[in-house]
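The values are calculated or read from the model by the stated rules, or taken from the named source; none is laboratory data. Bear in mind the structure is a predicted one, so any value in this text is a computation, not a measurement. Counting neighbours? That spans all protein chains shown, and the Cβs are built from the backbone with ideal geometry, glycine included. When the accessible area is computed, the model is the full protein with side chains, heavy atoms only, and any ligands, DNA or RNA have been set aside. Shrake-Rupley method; radii C 1.70, N 1.55, O 1.52, S 1.80 Å.
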Amino acid sequence: QHQAGAGHQPLISANRMAPTGVRIASAVLGKVHTWNAPPADTPARLQSDAALMLDKAGNHAGAVLLYQEAVALDPGDARIRTRLGLALKHLGNTLEAKQALAVALALDPTFPPAHYNAACIAALDGDRDTAVKHLREALRADKDAFTTMAIGDKDFDRVGGGDAVVKQALAPVH
């Protein structure tokens, strides 16, 4: 049985994934924002795209493994760390998800998806103030996209619902 780690190839070779993985990822990601532009086809990003497909298919544990391999290939990629955090959240590992998102935000403090997912984790923890703070940062990058996502996101139910959190995040800060 093949295990990933130092000196081992990723479970899914980036070279074999490139043609299909990039096409699938582009189709799934849909609307492209400036912060969500198609990434360079590095082995780490291709590995991350393969993990995204697993995560969207409901194989969150498999996605986490591939994201961890992608992180090993490029530890400084905030997008990969953010996706890892989301997959960990899907597994119910909110503490590990919070840690992955903290690293993503340390790498890129302006990365909107990291802020959005940090807002979701804070909401799941019942921390409305932190949820609003992170959602405010995501909304600064793309008000329409993140408003739409937050309003329909059940993660915000514990802190009053997406409508209320978005309204508070959009209110002027005093």
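Within region 127-161, the set of residues being outside any helix (DSSP H, G or I), on the phi < 0 side of the Ramachandran plot and open to solvent by less than 20 Å² (accessible area, probe 1.4 Å) is empty. Among the residues of region 102-126, those identified as assigned to a loop (DSSP other than H, G, I, E, B) and open to solvent by 60 Å² or more (accessible area, probe 1.4 Å) are Pro109, Thr110, Asp125. Summed over region 54-101, the residues that are open to solvent by 50 Å² or more (accessible area, probe 1.4 Å) and in contact (Cβ under 8 Å) with a residue 40 or more places away in the chain give a count of 4. Among all residues of region 20-41, there is none that is modelled with pLDDT of 70 or more, open to solvent by less than 60 Å² (accessible area, probe 1.4 Å) and within 14 Å of the chain's Cα centre (by Cα).
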